[in-house]
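The values are calculated or read from the model by the stated rules, or taken from the named source; none is laboratory data. Here the structure is a predicted model, which means the values were calculated and not measured. Neighbour counts run over all protein chains shown; Cβ positions are idealised from the backbone, glycine included.
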Amino acid sequence: MPGLEDLYREIILDHYRSPRNRGELPTPPAVHAQGHNPLCGDEITVYLQIDGDTITDVKVGGQGCSISQSSASMMSQAVKGKKVDDVKAVVRKFKSMMSIDDEDPTPIPEVKLGDLEALQGVVKFPVRIKCAVLAWNTLTEALAEAQ
Amino acid sequence: MSAAAVDWARVKADFPVVNGRIDGQPIVYLDSANTSQKPHAVIDAMADFMRHAYAPINRSAYRLAAAATDAYEGARTKVQKFINAPKAHEVVFTKNATESLNLVAHSWGGANLKRGDAVVLTHMEHHANIVPWQMLAASHGIELRWIPLTADGQLDLTNLSTLLDGAKVLSFTAMSNVLGTITPVAALCKAAHDAGAVAIVDACQYVPHNVTDVQAWGADFVTFSSHKMVGPSGIGVMWGREALLDAMPPFLGGGNMIADVRLDGFTCAELPAKFEAGTPPIVEAVGLGAAVEYLSGLGMSNVRQHEMHLTDYALRTLTDRYGDDITIHGPRNVEVRGAVLSFAFRDIHPHDVSQVLDQKNVCVRAGHHCAKPLMRLLGANATARASFYIYNDESDADALADALDGASDIFGL
Ligand SMILES: Cc1ncc(COP(=O)(O)O)c(C=O)c1O
């Protein structure tokens, strides 16, 4: 079995202890979506303020395990100030890192994941993949909400 | 025979998974409230039956089929004796406790409850004893009332007579799968009857660990699952009083449950076939029969004593070691609790606790335990839960306590 240091990287624990972009945004003008992991009861709400083609603000609410919470925190950093299309590319790239297939036949975009790569170790603990992608699925739903 | 007369090390040796290893390290299985491990006696009984004696039941005249029918019905008689039911044909085999509770709610409840009738449940029920009634609330307009809990996780019976006033049903757990709380079943059944209500007991967590006597309880319906009592998954039990079962409509329709089918309708078979539509879990029944024999061989009062001792030991070990850093839900008094320990450890999320424990092969459940209303009451989205059974001993409680140290290390708290 892989060691826990593969899972609980320092940067992950840091985001867990001090989550970024916590809170809510007024809806409207912001959009939001809720996600939950029925297995462990984790809950996440993602708020997006989208102006034109850019996510100008993002907030995350909810509670859950270290992996779901740190993934949500890192996600919020990765999307804030980014163009919606670029964010969609990051979502695809992240989910492919989590070894989750999507139906999209086009190649996975070559984008840099930066800090998010710390979550790569989660793949070695398949039960936790759901925790890591919860925030990202919720983000996708919030983006759909905005359309 | 007393618990001291049972060789618990030999009991443990009967369970192959408990003696297995992962990554060369022993497995510490503390998730029996979820599902129990199986002894060789059960595994062999099922394999032998499939190898040498498998055949349809109730349908064919040849000897092989007659013997299979005897094996299936023999399991029913074993279960009857195990729970001291008056009659074997009152014991109905289902898929699991969930189906048993649905059967009672939909068949008895569907026929006997009407708009405005009250059904009393408790705040510590498993979803299996909540959702079927909520479905009836939607379809029949029944009212649901809830018995609250005391601070230490027992039923708060202060207003019981008010809650039961005019109620048609009291349906409650004999033992909570989250708190371990054992409820005063006989007193609750009596209170229900005094109020003119039917008493339904979800004994899913109780039957595997205690002497069960449905007549001493005075219950009307009792439900449980084989897989939590060292038997196979895929079979459960619904016991009900003959008069009630006779008056109830069938639940599922199809083969085996009919006496006659015409183009213009059908007549039901006698009990228990009336409630066993289709080909039943034949192999599983044989396994459940073997499980009941195995447990009877140990003696259920010995099982209870063994678990009371273990519960007490685990409670003391964890609190001595971690003090205020660990919060164990449910009553302290092992007289009124079974070997189920739901806990919060420091501020570490249960999912992370269970991950760290898994590193030491300590298997505990993390989650809402299919009791979300209770979890809301506890103010937690999830807890970690360690549960003990006949193949566990003090070393397993020690292993749990030791493994928790790893969580502190990683989360630096
Ligand atoms: C108290 C209680 N009731 C009912 C059930 C449902 O049992 P099953 O999932 O076997 O149908 C469980 C199982 O977890 C339980 O603990």
Odd one out for B:Thr77 among (1) away from the ligand (no atom under 15 Å from the Cβ); (2) of a type in the set (S, T, N, Q); (3) not assigned by TED's automatic domain parsing to the domain that holds B:Asp165: (3)
Whichever residue in the range B:338-352 is more than 9 Å from chain A (Cβ to nearest Cβ) and more than 16 Å from the ligand (Cβ to nearest atom) and, among such residues, is nearest to B:Ser32 (Cα to Cα): B:Phe343
Single residue of B:Ala273, B:Ala291, B:Ala285, B:Ala219 found to be more than 30 Å from B:Arg346 (Cβ to Cβ), more than 16 Å from the ligand (Cβ to nearest atom) and not assigned by TED's automatic domain parsing to the domain that holds B:Ala13: B:Ala273
Where a residue in the range A:4-27 is away from chain B (no Cβ under 14 Å) and its partner, wherever it lies, is surrounded by 16 or more Cβ atoms within 10 Å (Cβ to Cβ) and assigned to a loop (DSSP other than H, G, I, E, B), with Cβ under 9 Å and at least six apart: A:Arg20/A:Lys80; A:Asn21/A:Lys80; A:Glu24/A:Ala30
Residue satisfying all of: in the range A:38-91; acidic (Asp, Glu), under 28 Å from A:Glu103 (Cβ atoms) and more than 13 Å from the chain's Cα centre (by Cα); farthest from the other protein chains (Cβ to nearest Cβ) among these: A:Asp53
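Can you tell me how many residues within the range B:140-153 are small (Gly, Ala, Ser) and either in contact (Cβ under 8 Å) with a residue 24 or more places away in the chain or within 11 Å of the ligand (Cβ to nearest atom) (or both)? So that I can check it myself, show each step before the final result.
If we filter the range B:140-153 for residues that are small (Gly, Ala, Ser), which is where we start, we get B:141, B:151, B:153.
Filter once more, so that each one left must be either in contact (Cβ under 8 Å) with a residue 24 or more places away in the chain or within 11 Å of the ligand (Cβ to nearest atom) (or both): B:141, B:153.
Summing the residues that are small (Gly, Ala, Ser) and either in contact (Cβ under 8 Å) with a residue 24 or more places away in the chain or within 11 Å of the ligand (Cβ to nearest atom) (or both) in the range B:140-153 gives 2.
For (1) modelled with pLDDT under 90; (2) small (Gly, Ala, Ser), each residue gets a yes or a no:
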residue	(1), (2)
A:Leu25	no, no
A:His32	no, no
A:Leu39	yes, no
A:Ser71	no, yes
Members of the range B:381-400 found to be in a loop (DSSP other than H, G, I, E, B), facing chain A (nearest Cβ under 10 Å) and in contact with a Pro (Cβ under 8 Å, 6 or more places away or on another chain), listed by number: B:Ala382
Options B:Phe224, B:Phe172; residue that is within 16 Å of the ligand (Cβ to nearest atom), assigned by TED's automatic domain parsing to the domain that holds B:His52 and either without any contact (Cβ under 8 Å) to a residue 40 or more places away in the chain or more than 14 Å from B:Glu99 (Cβ to Cβ) (or both): B:Phe172
Filter pass, B:Ser161 being farther than 17 Å from B:Ala243 by Cα and more than 18 Å from the chain's Cα centre (by Cα): yes
Residue match in the range B:369-380 (condition: assigned to a loop (DSSP other than H, G, I, E, B), among the hydrophobic types (A, V, I, L, M, F, W, C), under 20 Å from the mean Cα position of the chain (by Cα) and more than 9 Å from chain A (Cβ to nearest Cβ)): yes
Which listed residue is in contact (Cβ under 8 Å) with a residue 60 or more places away in the chain and either buried (at least 20 other Cβ atoms within 10 Å of the Cβ) or within 29 Å of B:Gln355 (Cβ to Cβ) (or both), from A:Val133, A:Val91: A:Val133
Extreme residue, nearest to the other protein chains (Cβ to nearest Cβ), among residues of the range B:93-125 that are aliphatic (A, V, I, L, M) and within 16 Å of the ligand (Cβ to nearest atom): B:Met124
The range B:227-255, subset buried (at least 24 other Cβ atoms within 10 Å of the Cβ) and of a type in the set (Gly, Ala, Ser), residue nearest to the ligand (Cβ to nearest atom): B:Gly236
